[in-house]
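Please treat every number below as a calculation from the coordinates, not as lab data. Just so we're clear, the structure is a prediction, and the values are computed from it rather than from any experiment. Every residue, glycine among them, receives a Cβ derived from its backbone with ideal geometry; neighbour counts consider all protein chains shown.
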Amino acid sequence: MQNRFSLTLPGLALLSALCACQPQTTPDTSKPAQDSSEPTNNSAATVAQFDWFEYQGQDAVFAAPLEPGQYQNPVLAGFFPDPSITRNGDDYYMTVSSFTYMPGLPILHSRDLVNWQIIGYALTQQSQLQMDGLQVSRGIFAPTLRYHDGTYYLITTVVDRGGNFILTAADPAGPWSEPIWLPEIDGIDPDIFFDDDGKVYIAHNGDPVESLYEGHKAIWLWQYDPKSQKVLPDSKRLLVNGGVDLSTKPIWIEAPHLYKHDGWYYLLCAEGGTADQHSAVIFRSRSLTEPFLPYSNNPILTQRDLAPERPAPITTAGHADFVQLPNGDWWAVFLASRAYQERYFNTGRETFLLPVSWQDGWPHILPAGQPIPYRPSVPELNVASVAEPLTGNFTWRDEFDSNELNLHWNALRRFDHSWLEFNNGHLQLTAKPDSLASMQQPAFISRRQQHTNFTASTALSVPAAPVSAGIVAFQNEQYHYYLGVRQTSSGSEVFLQQANGATPENIASMPLPEETNSVQLKISGNAGSISFYYAVADSDWQPVATEQDALLLSTQVAGGFVGTMLGLHSHLEAESQP
């Protein structure tokens with residue numbers, strides 16, 4: 001993955017400004033606050049209190065019941081991009097890119113490949129890395145997860161803040177180690193490969209020896225010494241220059257994964273960029289010291305040759321990883337996106353699953369011109385898997401009756417949760433001066449928008465001045481909506497704030513009835529349209545602003561690599577800031 005959207009899409013000038021890498025630092029570590037009846041770090045006047053949060057998805061493609069023997073694609077709906085998968089016995093583990101959302105690098109578990117559960121995160125401590133000042137689509141790119149000889153390995157890149165590193169763990173749920181930094185490796189999308197002779201290799205995307213055109217990249221290979229935890233300095237060699245056919249000027253060869261099968265080394269890569277021309281391509285060689293030759297029928301996965309106007313299109317397919325089952329079957333996880341209006345998606349890049357077939361010594365995921373199926377046949381695995389709502393239509397509700405934050409919630413940039421605590425079935429967010437447009441950490445937690453058609457709602461106490469609090473649909477710092485409640489000189493009001501490529505602006509407001517102590521807020525999304533409502537006591541929902549522009553929450557407008565996140569925010573308004 002690269003900052004390729006900055007070439008064609010608006011709103012990403014900020015990304016280009018952040019491309020210069022900054023040295024790794026170790027900031028102060030902050031411990032999450034414990035459950036308490038009173039805030040620990042500010043006065044009660046700056047605390048916003050939420051009673052619950054509910055998310056409901058209602059997509060037509062998920063509506064019909066599954067037939068026996070079918071599973072639902074995507075297996076991870078919403079913002080779960082760049083999946084990497086590994087197996088240990090009957091257990092399968094997967095991770096995805098997390099960019100600047102924290103905790104980072106979610107770890108998911110399954111026993112049947114189709115039903116997944118988030119079991120933890122690899123990045124959970126401020127000592128591992130810090131991302132203050134980074135735009136939301138920087139940070140953690142394209143990880144690789146592997147299990148080898150009793151240890152789990154996770155290799156990835158933190159863009160603009162340190163480069164490539166490895167984490168290890170005995171238990172994939174954590175804890176994971178401090179980063180093992182690899183300063184010699186300049187590039188992204190690293191892969192770690194354990195050969196059967198005991199040698200270990202790292203492949204990655206990087207610049208070619210000579211750049212011939214925009215988007216010209218290469219795949220490089222290093223040998224890695226696990227004992228010294230360093231790459232061998234003289235081991236670097238070129239695997240792929242440009243892509244499948246350099247004469248056609250292929251762009252963004254990346255996401256390499258190495259495998260060994262039937263005496264061949266296979267190199268699986270992404271090519272074409274992460275937008276509509278995305279694909280998965282395959283190369284092979286008899287030796288890691290010999291040239292890798294491309295398959296004559298590449299790509300082995302893409303949707304770029306299908307008509308854009310097709311119904312319920314799945315687009316941007318590519319960036320795959322393979323796993324072999326105990327019975328010898330092979331399967332692929334890969335990213336793709338469910339689009340509306342032919343090419344827009346707010347849900348980000350999602351994780352799909354398809355079988356891999358071997359023909360004449362080459363792996364195949366999907367024939368050319370064939371759409372990705374929403375409901376394929378399940379893998380032949382006679383094991384049960386714990387399931388949670390990660391695909392299909394569902395309702396997810398958090399009553400905040402635990403002393404720990406649910407694993408679906410994420411904050412931005414830092415692991416600090418000192419501004420968040422639980423109090424007798426309520427979530428309390430201490431307001432901070434950092435707004436949603438900030439490049440620091442606002443008082444904001446969010447979970448993924450996993451459906452094109454959804455509602456998200458909450459109930460909260462009307463905060464005292466100078467605090468605003470409410471519910472958010474967030475794509476990035478410059479593209480989001482904030483439906484909030486605050487005190488004014490004439491009483492309390494509900495307001496709607498929009499960021500559409502610039503500084504957030506208030507676009508609607510209305511007074512609340514006198515002596516209103518609590519209010520409910522709701523966001524309702526329908527593809528490119530989004531509406532905002534409030535309710536007091538047991539009254540019906542009242543519109544604040546309906547049929548607003550939701551295209552600004554799409555990747556095609558906002559740019560970057562993330563999907564829309566829905567969540568809760570508390571902000572210290574300007575008049576009280578230092």
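Applied to the range 168-180, the Karplus parametrisation 6.51 cos²θ - 1.76 cosθ + 1.60 on θ = phi - 60° returns per-residue 3J(HN,Hα) values of 10, 7, 7, 10, x, 6, x, x, 9, 6, 5, x, 9 Hz, with x for Gly and Pro.
Computed FRET efficiency, Cβ-Cβ of residue 51 and residue 235, R0 35 Å: what is it to the nearest 0.05? Using R0 = 35 Å, I get an efficiency of 0.05.
For residue 318, the amide hydrogen comes within under 5 Å of the amide hydrogens of 335, counting only partners 5 or more places away or on other chains and with H modelled in the peptide plane. Taking amide H positions as modeled 1.01 Å from N, with prolines and chain starts lacking one, the residues under 5 Å from residue 100 and 5 or more places away or on another chain are 138, 140. Counting only Cα atoms, the range 331-386 measures 36, 35, 15 Å along its principal axes, largest extent leading.
Strictly greater than 35 Å: what percent of every Cα pair in the chain meets that? Of all Cα-Cα distances in the chain, 36 percent exceed 35 Å.
Rounded to 0.05, the FRET efficiency of the residue 149 and residue 262 pair, given R0 = 22 Å and the Cβ-Cβ distance, is 0.45. About its Cα centre, the dipole of the chain is roughly 920 debye, where the only charges are +1 on Lys and Arg Cβ and -1 on Asp and Glu Cβ. Would you grab the residues whose amide H sits under 5 Å from the one on residue 508? Only those 5+ places off in sequence or on another chain, please, with H modelled 1.01 Å from N. Result for residue 508 returns 496. Zone of residue 307 (label point 7 Å along Cα→Cβ, backbone N under 20 Å): which residues in the range 315-342? Those under the cut-off are 315-317, 338-342.
The tail of the calculated P(r) for the range 80-364, taken as Cα-Cα distances beyond 23 Å, holds 52 percent of the pairs. Each residue of the range 187-198 was assigned a 3J(HN,Hα) from its phi angle through the Karplus expression (A = 6.51, B = -1.76, C = 1.60, θ = phi - 60°), giving x, 9, 6, x, 10, 10, 10, 9, 7, 6, 8, x Hz with x at Gly and Pro.
Would you tally the net charge around residue 499, using a Cβ to Cβ cut-off of less than 15 Å, leaving residue 499 out, and scoring K and R as +1, D and E as -1? Around residue 499, the charge tally is -4.
Expressed in Å, the radius of gyration and Dmax of the Cα atoms of the range 506-578 are 15.2, 43. Between residue 510 and residue 397, the simple spin-label model (points 7 angstrom out along Cα→Cβ) gives 2.5 nm.
Estimated from the Cβ-Cβ distance and a Förster radius of 22 angstrom, the FRET efficiency linking residue 387 and residue 170 is about 0.30. Neighbour counts of other Cβ atoms within 10 Å put 253, 507 in the fewest-to-most order 507, 253. Evaluate the distance, in nm, between pseudo-label points positioned 7 Å from the Cα of residue 324 and of residue 227 along their respective Cα→Cβ axes. Placing both labels 7 Å along Cα→Cβ, they lie 2.8 nm apart. In plain terms, the chain from residue 213 to residue 488 could stretch by 93.4 nm, reckoned as 0.36 nm per residue minus the Cα-Cα distance.
A simple rule links phi to the HN-Hα coupling: the Karplus curve 6.51 cos²θ - 1.76 cosθ + 1.60 with θ = phi - 60°, which for the range 480-492 gives 6, 10, 10, 9, x, 10, 7, 8, 10, 5, 9, x, 8 Hz, with x for Gly and Pro.
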